[in-house]
1. Could you list all residues from the range 23-49 that are over 22 Å from residue 59 (Cα atoms) and either surrounded by 10 or more Cβ atoms within 10 Å (Cβ to Cβ) or in contact with a Gly (Cβ under 6 Å, 6 or more places away or on another chain) (or both)?
2. Those residues that are assigned to a loop (DSSP other than H, G, I, E, B) and either in contact (Cβ under 8 Å) with a residue 12 or more places away in the chain or aliphatic (A, V, I, L, M) (or both), I need them from the range 25-45; list them, please.
3. So residue 19 fits all but one of (1) part of a loop (DSSP other than H, G, I, E, B); (2) at pLDDT 75 or above; (3) surrounded by 11 or more Cβ atoms within 10 Å (Cβ to Cβ); what number is the exception?
4. Which number in (1) at pLDDT below 85; (2) surrounded by 10 or more Cβ atoms within 10 Å (Cβ to Cβ); (3) assigned to a helix (DSSP H, G or I) marks the one condition that residue 67 misses?
Amino acid sequence: MTEREQSRDAERLPEAVARRLLERASELEAARSAELSVAELREAAREAGITPSAFEQALAEYRGMGFSSPVAALAPPRRLVRFWPAALVFATLLSVSVLRLLFPPF
């Protein structure tokens, strides 16, 4: 390994950047290979520090969903999407109420 490679490998990245970098690398890898075997996924989970029991539970949940499309199994539930504006208004009103209690007007 050259000195230049060593200095590049020693570079420290903020956690948010590291997370995004790994996320992007994962996206690129997924685009290259459309499917992975369960054994390959299990090995990747092990390397990522995911416990075998957590992986097996996630796999069982996926298999128990009965979706014909793997993408549909990972999509967020659509029924909750329509409630986000109401939740936002509620959170704003609650925040204003709490702030008024903590800091009453003079």
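The values are calculated or read from the model by the stated rules, or taken from the named source; none is laboratory data. These figures come from a predicted structure and were not determined experimentally. When we count neighbours, we look across all protein chains shown, and the Cβ atoms used for this are built from the backbone with ideal geometry, even at glycine.
1. 24, 25
2. So in the range 25-45, the residues assigned to a loop (DSSP other than H, G, I, E, B) come out as 33-37.
Hits for the range 25-45 are 34, 36.
3. So residue 19 meets the others, but not (1).
4. With (1) at pLDDT below 85; (2) surrounded by 10 or more Cβ atoms within 10 Å (Cβ to Cβ); (3) assigned to a helix (DSSP H, G or I) applied to residue 67, the lone miss is (3).
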